[in-house]
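What follows is a short report on a single structure.
Read the figures in this text as sums done on the coordinates, not as results from a lab. All values reported here derive from a predicted model rather than from experimental measurement. Ideal geometry is used to build each Cβ from the backbone, glycine not excepted, and the neighbour counts take in all protein chains shown.
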Amino acid sequence: MDNPVDELDAPLRRSTIRDVAADAGVSTATVSRVLNRSAGVAPETRALVLNAIEQHRFTGRRKRRQQPQAHGVVTVRCPYVLSDYFGLIISGVARSLRLHGKSLLLSDDHHDGDEPSLADEVSADFTEGAILILPPEPPSVLEDLRSRGYPFVVVDPCYALPADVAAVSAAHMAGARAATEHLIQLGHSRIATITIRGNPVSADGRLMGYRGALAATGRLAPGEFVSVADEPDVASGLAAARQLLDLRQRPTAILAYNDKIALAVLQVAAERGLEVPRDLSVVGFDGLELSQSVVPRLTTVRQPLEEMARMAVGLLVRLMEGRDIHTLHVELATELVIGASTGPPR
């Protein structure tokens with residue numbers, strides 16, 4: 001007689017959620033909802049999916065080897081250069097993990113959206129869970145990882161995520177709206193902004209906040225007052241700032257996507273002989289240390305990076321313990337920090 005345990009370890013168990021979905025004639029999201037016992041799946045559809053799961057012997061989670069000596073290890077994945085922005089998040093995660101008696105395994109690999117690589121990288125047999133910082137993969141990749149039953153939390157998501165993927169972010173739209181309202185209250189009417197490509201959650205949110213504040217006063221942002229930088233860094237910000245400050249009727253204030261681009265605006269203003277804030281007001285976003293060390297001291301929107309890290313660890317610990325979580329998407333408030341780079345227009 002065959003050993004049922006041996007059967008579970010057979011190659012057939014390597015079927016993926018896509019195999020199950022194809023056999024059942026449903027989407028991978030529906031299979032995920034059935035695996036997670038979520039509501040909203042018709043009884044007949046649930047029966048089809050359960051039958052396909054049984055046929056494939058699919059559990060949604062890889063079998064883990066017992067390695068007590070590695071208990072408490074959490075993967076922290078950040079596929080970027082560890083700048084001050086990412087460094088603050090990782091430091092906050094590390095401190096919070098220590099408080100929970102867990103250790104950190106840092107991964108900085110980026111596999112260009114290759115689903116098996118992401119799953120293999122973060123869900124090693126000896127790790128309990130993962131914190132994914134600004135993952136560049138599309139939501140379908142993260143949904144697939146979630147459907148495997150591996151616990152993880154996204155910090156600062158790049159794309160809008162499915163409802164069942166845990167995530168912590170800052171209030172991008174509210175922060176940009178507060179910054180724009182500050183400029184309006186100072187008396188500015190020609191307010192421009194610099195956004196970036198490739199990060200729909202933060203870039204679109206901040207652009208919506210900017211436009212919303214203007215619309216509330218009956219204004220619309222002229223198309224030429226919205227400049228786009230290729231990357232969220234000083235080099236890309238220089239070209240975007242020059243585009244705005246070379247307009248025949250240039251803006252009197254600029255809301256930059258982040259502090260680094262705001263520094264680029266300050267540099268271009270100096271090149272053009274403009275005095276900040278007398279000739280041009282500048283606002284950044286992030287609230288990094290560098291914003292307080294430049295002259296004039298930058299007005300910026302502070303993101304609660306360390307608080308985001310602590311919240312992410314708290315969510316992950318509850319997921320790893322199998323506890324119920326009522327709110328999987330958490331958005332933390334930002335804070336407008338007024339410096340010396342903003343003032344009334346001439």
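Among His188, His326, a tally of other beta-carbon atoms within 10 Å of each Cβ gives an order, fewest to most, of His326, His188. Could you work out the percent of alpha carbon pairs in the range 172-303 separated by over 20 Å, rounded to a whole number? Of all Cα-Cα pairs in the range 172-303, 35 percent lie more than 20 Å apart.
In terms of surrounding Cβ atoms within a 10 Å radius of their Cβ, Arg278, Arg323, Arg219 rank from fewest to most as Arg323, Arg278, Arg219. Counting charges near Thr195 (Lys, Arg +1; Asp, Glu -1) among other residues having Cβ under 9 Å from its Cβ returns a value of +1.
Taking a ≥ b ≥ c as the square roots of the eigenvalues of the Cα gyration tensor of the range 273-346, is the shape rounded (a/c under 1.5), prolate (a/b larger than b/c) or oblate? Taking the square roots of the gyration eigenvalues as a ≥ b ≥ c, the range 273-346 is prolate.
With a cut-off of 13 Å between beta carbons, the residues surrounding Pro296 carry a summed charge of 0, where Lys and Arg count +1 and Asp and Glu -1. Using the Cβ of Gly237 as centre and a radius below 14 Å, the other residues enclosed give a net charge of -3, where K and R count +1 and D and E count -1.
Using C-alpha pairs below 8 Å separated by at least 6 residues, the relative contact order for the range 158-206 is 60 percent.
Near the amide H of Ser107, within less than 5 Å, lie the amide hydrogens of Val76, Arg77, Cys78, all on another chain or at least 5 residues away, with H placed in the peptide plane. When Tyr85, Tyr210 are arranged by Cβ crowding within 10 Å, least crowded first, meaning fewest neighbours, the order is Tyr85, Tyr210.
Amide H contacts of Leu332 (H built 1.01 Å from N, in plane; Pro and chain starts excluded): Ser169, Ala170, Ala171 sit under 5 Å, all sequence-distant by 5 or more or on other chains.
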